[in-house]
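What follows is a short report on a single structure.
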Amino acid sequence: MNLKDYIRSIQDYPKKGILFRDITTLIKNEKAFTQCIDEIVERSKKFKFDKIAAIESRGFVFASAVSYLLKKPFILLRKKNKLPAETHSVEFELEYGKAVMEIHKDSIVEKDSVLLIDDLIATGGTAEAAAKLIEISKGSISGFIFVINLFDLGGSDNLVKKGYKVENLIEFPGH
């Protein structure tokens, strides 16, 4: 099964000129979703890690299933003011402005190694902010696994240049 066949492409969403890669068509198909999770689990064997973290919100879909199968703690990286306890925060640039991502201060303990899972990497700003949150929490990044890499937008390459290990299941051009 080719997982690419289960990704819907939507022209001019969320704004004109953007070709949006929609994972909802993959996760609504039980065989495609199962294969996707199995592939992430298989690729996770390349990394040594204590915990799994995911970026809100689509990353939660994949990372929670992997966390369950691997019996690893699951850490939420969320938008500002979505976590109830004390948090670390990082502000970062988005294509359309700025955003803030947060993590509970008690989610990571010193020397925890964390595998970050997300649905898609484009320019890499959100992934870099997630890595910064883990590092502020005194953890380390074991690596990243993305379902989709928009290869011509450079995010994955930027992470590799910064010394991070990166895996992805599917590649598409970003435009």
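For the range 18-78, list the helices (runs of 4 or more DSSP H) that sit wholly inside it and hold at least 2 residues that are at pLDDT 95 or above, under 16 Å from the mean Cα position of the chain (by Cα) and of a type outside the set (A, V, I, L, M, F, W, C); which are they? Let's see the steps before the verdict.
Numbers: elements: 24-27, 30-44, 58-70.
Output list reads 30-44, 58-70.
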**Asked** Restricted to the range 69-117, and to residues that are surrounded by fewer than 16 Cβ atoms within 10 Å (Cβ to Cβ) and of a type in the set (Asp, Glu), which residue is nearest to Lys165 (Cα to Cα)?
**Response** Glu110
**Prompt:** Looking only at residues in the range 130-145 that are buried (at least 17 other Cβ atoms within 10 Å of the Cβ), more than 11 Å from the chain's Cα centre (by Cα) and of a type in the set (A, V, I, L, M, F, W, C), which one is nearest to Thr87 (Cα to Cα)?
**Reply:** Leu133
**Matching option when the condition is aliphatic (A, V, I, L, M), under 12 Å from the mean Cα position of the chain (by Cα) and under 25 Å from Lys16 (Cα atoms), among Ile170, Ile117, Ile148** = Ile148
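The values are calculated or read from the model by the stated rules, or taken from the named source; none is laboratory data. Source: prediction; values computed, not measured. Virtual Cβ from ideal backbone geometry, glycine too; neighbours counted across all protein chains shown.
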